[in-house]
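Undergrad: Have a look at the structure that comes next, please.
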Amino acid sequence: MKSTTLVILSIVTAGAVGLAVLSGRGGSRVPAGAVSAAPGSAFLPDLAAKLNSAGSLTVQKGKVETTIARKGDGWVLPAKGDYPAEFEKVKEALVALADLKVVEAKTSNKEFYDKLGVGDPASESGTSRLVTVKDASGAELVSLIIGNITSAQAGRPMYFVRRPADAQSWQVQGLLNIEADPLNWVARQILSVDKERMKSITVVHAAAGDKPDETVRVFRDSQTDPQFLVRDKPAGRDLKHEAVTDQLTNGLSYLTFDDVKPVSQVNFDAAPTPPAPAEKKEGEPEAAPPPASSGPVTAEFRTFDGLVLTARMINLEGKWWTAFQASFEPPAAAATDEKKEAAAPPAVPKPRTPEEVKKEVDELNAKLAPWAFALPEYRGKQIASRMEDLLKPPAPPQPPPGPAGPLAPGSEGPAGEEPSGPVPLPPK
């Protein structure tokens, strides 16, 4: 962790240390992880002074266990290939533990643990979370079971907690937004490129199973054009609606992810696989088969200011894994349509300079290029659109007109008139 970061953390925790001194504990040695029983005092009085030595934080809830570890200048998720964690979230969790205040002692009878939510954190049916903080050598600084939230006092919530090795449970006051979900510790949004910057999107599908290779391209010639056009739209087919291209042009707007791993761990050239047969247990209804894997997809996003973002995509077992690469291509000079501009001056954002876009490219590649991201399913489907996803269903074919048959006796002819002449008899 950077020295400036350490200073920030030290300043934040100084108040908690001061509380320990004011309560008469500043000059005495307290065993590691000890708790205080005095109402209003720090529940973990020795932790604040040790926060800067924290080397890892682990949260367990049922079968889910997430560790955030200090590495170099920051914090990472080892189980996700050392993907960066947000320092502010780690700092908030550590400071929150040190800032817990005692409300009162609760039960020490284990039969009531589940009611308070301080039972076995490994139980899948329970609600408790086990939080463990260790230093760089692996020595434990604190281990705490966080139970149910009870109520709030002076705007701060109260929780039931218990040390794993202690029978005594406690009610404490603080803010313990410490979750076992690994995505809780990262910045979920990875990039955002607005539709207003977009010039074209080209999606190339490799042949997969019974689907041939296909290229879908939407574009506009000028940044003042409100609508994107679809290249090579089949003759006689209509778009679903005029804004259907938004699913592509907004594909990179506020983009988030549901999972992440090093890019080297995803085979973006994998051949498509059929869905595996689903296991059916006796007495249960037929289960839906697991999702199949698709063929590779490449989506290229181009902006009017020269940014080119290439996304390699593949759907593996229901997850749209995606890797990004950014580059810069100097934009061509745009032709000026004076009549169009005079008729309706558009609200076009100020273009970025080449230097600004080149800097953006470097930042995006440093942030995204080492990783493969599993996009939300709906967003993966939007970006990997096929032509049929943009079009209305074809009109059903009309039956060919048959030969005019004879009119039955007494029937009317056109416009309600009686047939003239003799009515022919059907052939024998």
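Undergrad: Dividing the Cα convex hull volume of the range 113-231 by residue count, how many Å³ per residue is that?
TA: Output value, Cα hull per residue: 280 Å³.
Undergrad: To continue, here is another question. Any chance you could check the Cα centroid distance between the range 371-394 and the range 165-231 for me, in angstrom?
TA: Answer, in whole Å: 12.
Undergrad: Could you tell me the calculated FRET efficiency between Glu300 and Asn177, based on Cβ-Cβ distance and R0 = 41 angstrom, to the nearest 0.05?
TA: So, using R0 = 41 Å, E works out to roughly 0.55.
Undergrad: Let me ask something else about it. Roughly what would the spin-label model give for Lys392 and Ser143, points 7 Å off Cα along C-beta, in nm?
TA: My value for the distance between the label points is 6.6 nm.
We did not get these values from a lab; they are worked out from the coordinates using the rules stated. From a predicted model like this one, the values you see are computed outputs, not experimental measurements. As a convention, Cβ positions derive from the backbone with ideal geometry for all residues, glycine included, and neighbour counts pool all protein chains shown.
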